[in-house]
Each structure stands twice: as C-alpha cells, then as structure tokens.
1. Given the criterion charged (D, E, K, R), surrounded by 10 or more Cβ atoms within 10 Å (Cβ to Cβ), assigned to a helix (DSSP H, G or I) and at pLDDT 90 or above, identify the matching residue among R39, R28.
2. Would you tally the residues in the stretch 53-93 being within 21 Å of A41 (Cβ to Cβ) and either of a type in the set (D, E, K, R) or outside any helix (DSSP H, G or I) (or both)?
3. Looking at the stretch 64-93, I want the residues that are without any contact (Cβ under 8 Å) to a residue 12 or more places away in the chain and have a partner that is surrounded by 10 or more Cβ atoms within 10 Å (Cβ to Cβ) and of a type in the set (S, T, N, Q) with Cβ atoms under 8 Å, at least 6 apart or on another chain. Which pairs are those?
Amino acid sequence: MKSRWRRSRSRAARPRGEGGGVVSAALRFAAGVVSFVYRFAVGDDPAVALVMVLALLVSAAVVARGTNAWWLVPPAAVLMTGVSLWRRGAGAG
C-alpha cells in the first residue's frame, strides 16, 4: 500500500521551475483547511447547514433583545437531523 504522503519524484529528479516552495505549501495548506471546513460544516446536506446558521442567527437576535434563547437551536438540530435522515432514506429506495 502506497502512502499518499509519499512524493512521486525526489527533489533531485524535479525539473527546474517545479520547486514549490513556501508559497505553494502555504496555498496547499490553505486550500486543505478551506476544504475541510466546508466538508465539516456543510457536509452532505447544505440545507441542514443553512437552517442551522439561520437558527443561530435568530437565537442571537432574540438574545440581543434580552430574552434567553438557548432553547431555539437544539430543536432545530433535532428537526434537521430527522429531515436529513428522511431525505437520505427516501433516496435509497
């Protein structure tokens, strides 16, 4: 089994101009972070992510008006988990 971290060519075998360097490594790292955050936050169902962001925004607005609103987000999470599972199950049949 090959390691996905292993380089295909050694540094000595690379032609000039393909050096990579710090900027290239930084861009690959940044792209990896953005990709991870997107897959982690949005995942398979962008609708769930959107509803959860809206629930957080509504909760923040209610708290800004002086009312305790911690209870708004958990029901939204439970509801959207059910909706996501139902949509997955409906597509499987």
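1. Just one listed residue meets the conditions, R28.
2. Looking only at that region, the number is 2.
3. A69/S59; W70/S59
The values are calculated or read from the model by the stated rules, or taken from the named source; none is laboratory data. As the structure is a prediction and not an experimental result, all values here were calculated from the model. Note that we place each Cβ from the backbone using ideal geometry, even for glycine, and neighbour counts take in every protein chain shown.
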